[in-house]
Amino acid sequence: MIVGTRARRIEDPRLLRGAGRYAGDIDLPGLLHAAFVRSPHAHALIRAIDATAARERARLFTASDLERAGVRLRMPLGFPSTTLPENITPFVLAPSEVCFVGEAVAMVVAESRYMAEDAAAAIEVDYEPLPAVANLEQALAPGAPKVRREAPSNVLTDFRIAYGDVAGAFARAAHVFRERLEQHRGAAHPIEGRGVVARYEPGDDRLTVWSSTQMPHDLWMTLAALLGMPDERIRVSAPDVGGGFGAKFLVYPEEIAVAAASRLLGRPVKWIEDRMEHFLSAIQERDQRWDVEIAVDGEAKILGVRGRLLHDQGAYTPQSVNCSYNSATSVTGPYIVPAYALDVQVVQTNKVPTIPVRGAGYPQAAFTMERLMDRVARELGLDRAEVRRRNLVPAAKMPYEKPIKNRAGAAIVLDSGDYALCQQKVLDAIDYSGFRARQAAARKEGRHLGIGMAHGVKGTGRGPFESGTVRISPAGRVSVYSGALAMGQGIHTALAQICADQLGVSPQQVEVITGDTGYVSLGLGGFASRQLVTAGSSVQIAARKVREKALKVAAQQLEAAETDLELTEGTVRIAGTNRTITLAAIARLLRGVPGYSLPEGVEPGLEASVQWQTDQMAYAHSFQACEVEVDAETGGVKLLRYVALQDSGRLVNPLIVEGQVHGGVVHGIGNALYERMLFDDAGQPLTTTFADYLLPTSTEVPAIEVLLHESPSPFNPLGAKGVGEGGTVPVAAAVISAIEDAIGVHISEAPIAPMRIVELLANR
C-alpha cells in the first residue's frame, strides 16, 4: 500500500532546485507590461481621465475603451444567487464611480514595467470625492451615504439560520450568558502575489492566459463570457502558484483587463502585482461583529444559542455571501445544540471586498462558540475541558445530522470522529492536569502563564465534483489529469499515491497535470479543503477502472483468469509465474491498428475519466491546546507550547498532513495576535506594508506538536477529509483562551494587540 505512507513530495525536487515556473517567470517574445491606475479615494465620481503626459510612453485603456472593443465591463457573480440584488459585482475598470481605495480606474501598457509604472503615475484623473462609509457603524447609521450610487441600501442582504425551540430553551435555562465579540479584518498575503500573462494570436484567434489563480476553469469561462470569445479558443493555465489561501479564489478584474489588452494589441501582456497593490486591492476577510448568548442547564449542558452577526462585505460582492453563511451555519461545531438562531446582516462599506481566506468563516464561528464555552465554565466555576466534554457529540451518535443545510441544500452531517477521545489525547500531551501547579509556581516568580483550548470542525470536500483522468500511454507512461489546482499543498503527490496504489507503480512514475484547461475541460479548482476528497476520489475510481481494463486485456493475452493476475511494477503477471505483459504493451494493443480488432470486450485506449459527484461534505475535526506566557507590563505574548490534533479521516500522506497542520496553526496565530487591516474614518487604508501589518515569523512560532487521529469518512471512496484549512479553525480561540487564563481579564476580540492587553489590565 502506498496510500497512508509518508511518501516524499514529488513536487519538491524541481522547486528546491529553483526550477519552478511562476507567472513572473513567463517571458514571451514581444511581451508588453501593464500597470494600473488606482483610486486614491474610498468613494468618488470619475469626471475625466487625461493621458496627455503618458501618451508617448504607453497605451491607455479606460472602461470606455474596453466597452467600445466589445468587453463586458461588469464582472459576473462568482456563485450565482436568486436572493441577492443585481449589480453588486465589481467592474473590469471602474467606468464612472470608484468605491474603495485601490479600485482600478485605468490600465496602461508599455514596453517595460518601469515605463508602464511611470506612465500610470502621469495619468491625471479628475475625481469628485463623495462621502464614504468606512465601518459597520457608519454604514448602518440613519442617513448614512450609500456605498455605491446604484446600491438600494448599505445592507446587501439579511438572512436567518435557525432551528429548534429557541425561545423555550432560553425560557427554561438555569443560566444565560452573553458575549459581544469582534473579529477584525485580515488578508491572505501569499508569498507570491497575483499575476497574469495573456497572449492573443490574431492569426488563429486564440487566447492563452497564464494566471496565478486557484480557479483556472472559472477564469476560462469568465474570459469567454466577457470577451465574447468561444471558450474553445481560450486556454487558461495556472503555472506554479506561490500560495493562495483564498486570495486567488476568484476571478479578478485585472485578469480580464490584461487579456483584453493582449487581444486589442495583438501582443502578449503581463501584469505582476506588487505588495502594495495586494494590500490595496486583493480580497480580504474576517470583519465581523457578533452579539450572542448561550442558554445552559444546571449541569452546563447547552440548551440553545442565539444572536446576531454583522458581516462587513466591502464595496462589492465578487462571489456571494459564502463567508458569512459559512460562519452562521458552523457555530455549533462539534457540540450538541438543541436550539439555534442567528440573524445575519451583510453590510457594504467602502473597503476592499471580502471573500473567504483560509478557513472561510469557520474560524470566526469557532471563536464565537469557544468563547461562549469558556464563559460558561468561568461563570459556573467549572473546568473548561469538562464543559466541552459534556456537550460534545459522542462517537456513538456518528454520523450526527444537524438541522442545518449547507450551500448545496444538503443536511450538515458530522460524518465520523471521536471528539472526546481527541480532546483527552491533547490534554494528556500538554499535561493539562499538571498545569495549575506550573502556573502557581510561575506566578510566585512574577510570571503569568495561561493555558487555552478550542475545538474546530471544518466542512471539507465541497462538491459538486472534481475531475480525474488516468491514462497509460503506449510508452507505459502513467499520467493523471485533473481540474484540481496545485498551490503548494502537495496535491500532486497525493493524487500520484492514489493512482500508484491502484496500478502497481511508484508515485514517482506518475505524472500529474492540474489546473490547465488545455488538458481538462471540467474542473472547479482549489479551495475549501476540497481537492483530496473530490479529485482524489475521481482519480481513485478512474485508476481502478484502468486497472480492471488492463487485467481484462492481460487475461486474454496471457490466457489466464483475471483472479490469477497481479499488477506490480508496471507489469501484469500470472501469480507465481514469469509470464507477464507490461502496461505499455496493453496500451499499445488498445491504441488500435488499422484493420485489426481490439481485444475482446474493451473500448480503445488504456484510460478512464471520472467526475465523482457529491453534495455531502466530510467534516474534519481539530482540537488544539496551547500554553502561553504574558508580560503584564508590555502585553507581550509568548507561545510556550502548542499541541494540535487533526482528524482528517483516512490519511493519504501523514507527512503532508502534518505540514498542512503546521501551516494552518501559524496562519491562525497571525489571526489571533498580529494580522489586522486598519482603515481610518474616511476609508483610507492604514496598513499597506508589512511594517504596519504583522505576520508571525519563526521567532514567534513555537514547536508545534501534531497528533493525528483517523476516523474514515463514510461519504467518499477514500474515506478522506480535507486538511488545508482545518488547522487554522480553532487557533484564535485557543490562543485568546490561554491569554485570558494567564492575566485573568475577559477578552472578546481577535486579534489582540499588546497595547490592548495592557489597556484591559489597567481597566479591570
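The values are calculated or read from the model by the stated rules, or taken from the named source; none is laboratory data. Predicted model, so just to flag it, every value in this text is computed and none were measured. Positions of Cβ are generated from backbone atoms using ideal geometry, with glycine treated the same way; all protein chains shown enter the neighbour counts.
Any idea which of Ile272, Ile336 is touching a Leu at 6+ places or on another chain (Cβ under 8 Å) and more than 22 Å from Val147 (Cα to Cα)?
When all the criteria are applied, what remains is Ile336.
May I ask you to say which residue of Ala441, Ala475 is surrounded by fewer than 22 Cβ atoms within 10 Å (Cβ to Cβ), of a type outside the set (D, E, K, R) and not assigned by TED's automatic domain parsing to the domain that holds Leu640?
Going through Ala441, Ala475 in turn, the sole match is Ala475.
For the range 508-519, indicate whether the set of residues that are at pLDDT 95 or above, of a type in the set (D, E, K, R) and over 23 Å from Glu11 (Cα atoms) is non-empty.
Checking the range 508-519: not a single residue is at pLDDT 95 or above, of a type in the set (D, E, K, R) and over 23 Å from Glu11 (Cα atoms).
Does any residue in the range 593-619 that is charged (D, E, K, R) come within less than 6 Å, Cβ to Cβ, of a residue that is surrounded by fewer than 17 Cβ atoms within 10 Å (Cβ to Cβ) six or more places away or on a different chain, and which pairs are these?
These pairs meet every condition: Asp615/Ala408; Asp615/Ala410.
Being hydrophobic (A, V, I, L, M, F, W, C) and either within 29 Å of Val666 (Cα to Cα) or without any contact (Cβ under 8 Å) to a residue 12 or more places away in the chain (or both) is the filter here, so list the residues in the range 345-360 that pass it.
Once the filter is applied, which keeps residues that are hydrophobic (A, V, I, L, M, F, W, C) and either within 29 Å of Val666 (Cα to Cα) or without any contact (Cβ under 8 Å) to a residue 12 or more places away in the chain (or both), the range 345-360 yields Val346, Val352, Ile355, Val357, Ala360.
What is the one condition in (1) over 30 Å from Val209 (Cβ atoms); (2) of a type in the set (D, E, K, R); (3) at pLDDT below 95 that Arg547 does not satisfy?
(3)
In the range 702-744, which residues are in contact with a Leu (Cβ under 7 Å, 6 or more places away or on another chain) and in a loop (DSSP other than H, G, I, E, B)?
Hits for the range 702-744 are Pro702, His709, Glu710, Gly722.
Go through the residues of the range 729-739 one by one and say whether even a single one is farther than 30 Å from Pro464 by Cα and surrounded by fewer than 18 Cβ atoms within 10 Å (Cβ to Cβ).
No; the residues of the range 729-739 include none that is farther than 30 Å from Pro464 by Cα and surrounded by fewer than 18 Cβ atoms within 10 Å (Cβ to Cβ).
Go through (1) surrounded by fewer than 16 Cβ atoms within 10 Å (Cβ to Cβ); (2) assigned to a helix (DSSP H, G or I) one by one and return the number of the condition Phe690 breaks.
Unmet for Phe690, out of (1) surrounded by fewer than 16 Cβ atoms within 10 Å (Cβ to Cβ); (2) assigned to a helix (DSSP H, G or I): (2).
Within the range 617-671, take every residue that is over 23 Å from the mean Cα position of the chain (by Cα), surrounded by fewer than 24 Cβ atoms within 10 Å (Cβ to Cβ) and not hydrophobic (A, V, I, L, M, F, W, C) and give me the one that is nearest to Tyr335 (Cα to Cα).
By that ranking, first place goes to Arg641.
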